[in-house]
1. For the range B:70-81, does any single residue satisfy the condition of being exposed (fewer than 15 other Cβ atoms within 10 Å of the Cβ) and more than 7 Å from chain A (Cβ to nearest Cβ)?
2. What about B:G140, is it small (G, A, S) and under 24 Å from A:I72 (Cβ atoms)?
3. Just to be sure I understand, how many residues within the range B:167-195 are within 7 Å of chain A (Cβ to nearest Cβ) and touching a Lys or Arg at 6+ places or on another chain (Cβ under 9 Å)?
4. When you look at B:G183, is it within 17 Å of A:L98 (Cα to Cα), surrounded by 20 or more Cβ atoms within 10 Å (Cβ to Cβ) and out of contact with any His (no Cβ under 8 Å at 6 or more places or on another chain), yes or no?
5. Given (1) under 16 Å from B:A210 (Cα atoms); (2) buried (at least 17 other Cβ atoms within 10 Å of the Cβ), identify the lone condition not met by B:A87.
6. If a residue has to be at the interface with another protein chain (Cβ under 8 Å from one of its Cβ atoms) and either of a type outside the set (S, T, Y) or free of Cβ contacts under 8 Å to residues at least 12 places away in the same chain (or both) to count, how many in the range B:40-56 make the cut?
7. Does the range B:94-113 contain any residue that is of a type in the set (V, I, T) and more than 7 Å from every other protein chain (Cβ to nearest Cβ)?
8. Across the range B:17-27, what is the total count of residues that are under 20 Å from the mean Cα position of the chain (by Cα) and either surrounded by 12 or more Cβ atoms within 10 Å (Cβ to Cβ) or in a helix (DSSP H, G or I) (or both)?
Amino acid sequence: MKSIVKGILQIAFFILVSFVMNVITDFFHLKIPGSILGIILIFILLKTKVIKLNWVETGANWLLAELLLFFIPSAVGIIQYKDLLYKNGIQVVIVVILSTGLVMTCAGLVAVQLAKRKERKKAL
Amino acid sequence: MIITLLFILLTLLIYYASKRLYRWSPKVYLTPLLVTPVVIVLLLLVTHVPFHSYNLGGKWLTAMLQPATIAFAVPLYKYFDVLKKHAIEILTSVFIGALMGMLSSALIAKWLHLDVSLMDSMIPRSITTPIAMNVSSLIGGIPTVTAIVVIMTGILGSIIGPLIIRLFHIDNDLARGVLFGTGAHGAGTSKAFELSSISGTISSVSMILAALFTLCLAPLLF
């Protein structure tokens with residue numbers, strides 16, 4: 001019971017931070033979204049020990065574990081664009097599949113090579 | 001009010017059911033990110049409920065994406081040493097991936113004769129929605145179209161990622177994280193956390209870096 005209350009309070013804290021960050025980005029017309037500023041802020045607060053890890057950890061774990069849930073309404077929202085999908089749907093899906101495959105292959109294989117090279121250097 | 005709650009509950013119910021299905025049979029195409037929206041879309045079509053009614057509840061879940069994104073600060077802090085140790089590998093491979101994402105989206109769209117505004121809308125599709133929409137408007141795309149292509153990338157990326165890992169035998173935690181974060185933003189990152197916390201954390205960093213690289217490069221390139 002105690003941990004449930006703790007988790008809910010911590011999630012409320014993240015919601016508050018997100019709200020404040022959005023107000024700030026709106027006010028200063030920043031190009032960076034509030035959520036990215038929020039990551040930087042919480043990271044700095046943790047690093048400088050202003051907030052302790054166990055004050056936010058449970059809530060963060062819950063939010064991250066259910067991350068996919070928060071994408072679902074946007075995915076359902078695709079049905080609003082029936083016209084676009086009828087007209088160009090197949091082409092759009094082809095672009096997404098091929099290009100995502102290329103991005104993942106490149107990024108993944110470059111990372112593998114760089115990690116291997118570092119290992120070899122260490123071995124010498 | 002009742003409709004709002006009803007659609008939130010419906011989404012939760014189908015989401016948890018599809019999560020159980022995925023745990024019972026972890027096939028890539030059974031990812032909750034594909035199964036849940038498909039079931040909900042079918043329900044809406046059968047019952048003739050328009051999307052905007054559904055979204056009275058749905059928008060509250062979408063709003064939670066922001067605090068959830070901020071929560072990435074916690075694993076970032078916990079694994080900061082690992083990230084620092086591999087900074088060069090992460091920066092280089094994410095940079096190449098982000099560049100590849102923009103160029104290949106543009107070239108393949110051109111090859112398939114899609115019109116220019118649709119092509120521009122697809123260029124930032126690998127990165128997190130708010131920045132992608134921003135980039136889209138900077139280079140002449142349509143931000144709402146970008147948002148759809150971004151979510152498609154998330155769904156398809158969660159399916160393609162594991163296939164690429166298998167195809168190229170990528171067994172390195174670092175490379176797996178970079179692959180998901182650069183290729184499929186938050187949705188990919190959630191997949192990377194399924195593999196290991198290190199992969200997930202590297203994926204969250206890669207997601208942020210890819211977004212920043214794209215934001216800086218896209219207006220120069222397109």
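Rule-based calculations on the coordinates, nothing more; no lab input. A quick note: this is a predicted structure, and the numbers were derived from the prediction, not measured. All Cβ positions, even for glycine, are placed from backbone atoms using ideal geometry, and neighbour counts span all protein chains on display.
1. Yes, that holds for at least one residue.
2. No.
3. 3
4. When the stated conditions are applied, B:G183 passes them.
5. Single failed check for B:A87: (2).
6. Taking the range B:40-56 and keeping what is at the interface with another protein chain (Cβ under 8 Å from one of its Cβ atoms), we get B:40-41, B:44-45, B:51, B:54-55.
From the residues that got through so far, the ones that are either of a type outside the set (S, T, Y) or free of Cβ contacts under 8 Å to residues at least 12 places away in the same chain (or both) too are B:40-41, B:44-45, B:51, B:55.
Matching residues across the range B:40-56 total 6.
7. Within the range B:94-113, not a single residue is of a type in the set (V, I, T) and more than 7 Å from every other protein chain (Cβ to nearest Cβ).
8. Of the residues in the range B:17-27, 3 are under 20 Å from the mean Cα position of the chain (by Cα) and either surrounded by 12 or more Cβ atoms within 10 Å (Cβ to Cβ) or in a helix (DSSP H, G or I) (or both).
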